[in-house]
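I have placed the structure first, in the form of structure tokens, so that the comments after it can refer back to it.
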Amino acid sequence: MIQFEQFVLSNGLRVIVHEDHSTPMAVVNVMYDVGARDENREKTGFAHLFEHLMFGGSIHIPSYDEPLQRAGGENNAYTTNDLTNYYCQLPAENIETAFWLESDRMLSLAFDEKSLEIQRKVVCEEFKEMYLNKPYGDAWQKLRNLAYKVHPYSWMTIGAELSHIENASLHDVKQFFHKHYSPVNAILTVTGQVKTAQIKQLAEEWFGDIAPGEKYIRRLPAEPEQKEARKLTVHAAVPVDAFYKTWHISSRTDRRYYAMDLLTEVLSGGASSRLFQSLAKDKKLFANINCYHFGSIDAGLLTIEGKLVKGVKMEDAEAAVEDELRKIRNSLIEPKELQKVKNKTESIITFEDMSLTNRAGSLSFYALLGNTAMINEELERYQRVTAEELQEEAKTIFNQHNSSTLYYYGNPSNT
């Protein structure tokens, strides 16, 4: 059981405190309720751009990293389609340094053409390296466009087009910052060798005077039910053919999420999983094959992805995948197999919770979902999933009309 306390400052900043006196360290985590799904379709990639800009210095602190390193700390950040998260770990005795740094960039991030140009170049190079020039790098951009016709999950966190970042103006950037990066749209979580009273005092001192900002009300278009299969064929200079097939799934807060998550483990949770055993080890159709999802807050996608063994026809590989899915739709999973994936999931969650940084991120995420206490309820929710529920979820998800398929060929002669 992870104990925590939470309170809200007068400016709307939500604060969560988890005391752990077994360590001399502390983690300060600031999660902003903004991700790529909140961008303008004509100006994408801004949430990820801000992940870089936020380390470019604030008005009063030219360098974020230097004072943190002097205090013995380290930091990182990540952006998803749903959220943006910044975190640092440092000796608890120096925790006020983190409050000083985080509050100042929330209050007064430095904006000028020079810093924007520097970070824009960095992000553009990342776009080219990871998504344009890397083998299979554009696969998910194509899959998202194929699967989503209305919802903004149709573009990657990096952005839909390189030109959107290349053309980002200082005015655009300032507007995006003031819309999203304010106390009322943020969650501050502190874990480690701290006292709740101490954190209340520091939070009030460093964040309390920041203007609340305007609460961002999300009004995203819901993706309509997909009623016919979609397919795309691509040829590119890649080493081997790759198969991608994705299906729409429920949102992260839907009770069905837990059966769906366990379903991915049954299909692809290691060397003893169904897809690997049958299609990679026994039939030798795939060099590797995985089933996964991204845990998206809104209705997301479950994907089966694999690299084919050379000489294997794409249609044969897909037929073999469909045969495995038919089995899981048509018969109940054995109690032993179901318990095995539940035990594995419990081990993963327990191991993740050992890290102060992970605990801070998880507490923030569950608060963002609307119920911080979920951090202590997840294991029970997984354990309650029945074989019948898992089968029903398989029937719902693995409907051919609900699928989008990408054939990614490395050599046109393979077709």
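Put a plus charge on the Cβ of each Lys and Arg, a minus charge on the Cβ of each Asp and Glu, and nothing anywhere else: the dipole of region 5-207 about its Cα centre is then about 620 debye.
The distance between label points at Lys174 and Lys227 comes to 4.8 nm (points 7 Å beyond Cα on the Cα→Cβ vector). For a paramagnetic label modelled at 7 Å from the Cα of Met130 toward its Cβ, which residues of region 54-72 fall within the zone defined by backbone nitrogen distances under 19 Å? Within reach of a label on Met130: 54-56. Taking only the alpha carbons of the chain, we obtain Rg and Dmax values of 22.9, 68 Å in that order.
Of the residues Thr246, Thr264, Thr23, Thr233, the one with the fewest other Cβ atoms within 10 Å heads the list, and the complete ranking is Thr233, Thr23, Thr264, Thr246.
Look at the dipole of the chain built from charges on Cβ: of Val122, Pro212, Leu356, the Cα furthest out on the positive end belongs to Val122. Working from label points 7 Å from Cα in the Cα-to-Cβ sense, the Arg218 to Asp316 distance is 4.4 nm. Build a GNM of the chain with springs between Cα atoms under 10 Å apart, and of Leu263, Leu232, Leu302 the one that fluctuates most is Leu232. As a rough footprinting exposure proxy, the listed residues Asp65, Asp241 were ranked by other beta carbons within 10 Å of their own, and the order from fewest upward is Asp65, Asp241. Comparing Gly213, Gly45, Gly300 in a Gaussian network model of the chain, where Cα atoms under 10 Å apart are tied by springs, the biggest mean-square fluctuation is seen for Gly213. Basic side chains Lys and Arg get +1 at the Cβ, acidic Asp and Glu get -1 at the Cβ, and with that the dipole of the chain about its Cα centre reaches some 1300 debye. Assuming a ≥ b ≥ c are the square roots of the Cα gyration tensor eigenvalues, decide whether region 124-208 counts as rounded (a/c under 1.5), prolate (otherwise, with a/b larger than b/c) or oblate. Note, shape of region 124-208 comes out prolate.
Note on region 5-207: Kirkwood radius taken over Cα pairs, Stokes-Einstein applied at 10 °C and 1.306 mPa s, translational D equal to 89 µm² s⁻¹.
Using Cβ counts within 10 Å as a stand-in for footprinting exposure, how do Met106, Met354 rank, fewest first? Walk me through the numbers on the way to the answer.
Values: Met106 24, Met354 8.
Lowest to highest Cβ neighbour count: Met354, Met106.
Using R0 = 35 Å, the C-beta based FRET efficiency linking Ile59 and Leu369 works out to 0.60. Here Asn167 and Phe351 are evaluated by their C-beta separation; at R0 = 56 Å the FRET efficiency comes out at 0.80.
For region 168-259, a simple Cβ point-charge model (Lys and Arg +1, Asp and Glu -1, everything else neutral) yields a dipole of about 340 debye relative to the Cα centre. Comparing Asn75, Asn330, Asn290 in a Gaussian network model of the chain where C-alpha atoms under 10 Å apart are linked, the largest mean-square fluctuation is found at Asn330. With just the Cα atoms defining each centre, how far is region 320-343 from region 244-290? Give it in Å. Centre-to-centre (Cα) distance: 10 Å.
Each label point was placed 7 Å from the Cα along the Cα-to-Cβ direction; for Ala211 and Lys114 their separation is 2.6 nm. Counted residue by residue at 0.36 nm each, then reduced by the alpha carbon distance between them, the extension gain from Glu204 to Met1 reaches 70.3 nm.
The trypsin sites (Lys or Arg not before Pro) found in region 294-325 that occupy coil by DSSP, while having at most 14 further C-beta atoms within 10 Å, are Lys310, Lys313.
Positive-end ranking of Ile187, Leu368, Ser347 along the dipole of the chain, with charges on Cβ about the Cα centre, is headed by Ser347. The string of couplings for region 235-247 from the Karplus curve (6.51, -1.76, 1.60, θ = phi - 60°) is 10, 8, 7, 10, x, 9, 5, 10, 10, 10, 9, 9, 10 Hz, one whole number per residue in order, with x for Gly and Pro.
Along the positive direction of the dipole of region 1-129 (beta-carbon charges: Lys, Arg +1; Asp, Glu -1; about the Cα centre), which of Ala110, Tyr78, Asn94 reaches farthest? Value: Ala110.
Read-outs throughout are calculated quantities, based only on the coordinates presented, and are distinct from any laboratory measurement. No experiment lies behind these values; they were computed from the predicted model shown. A quick note on method: Cβ atoms are made from the backbone with ideal geometry, for glycine too, and the neighbour counts reach across all protein chains shown.
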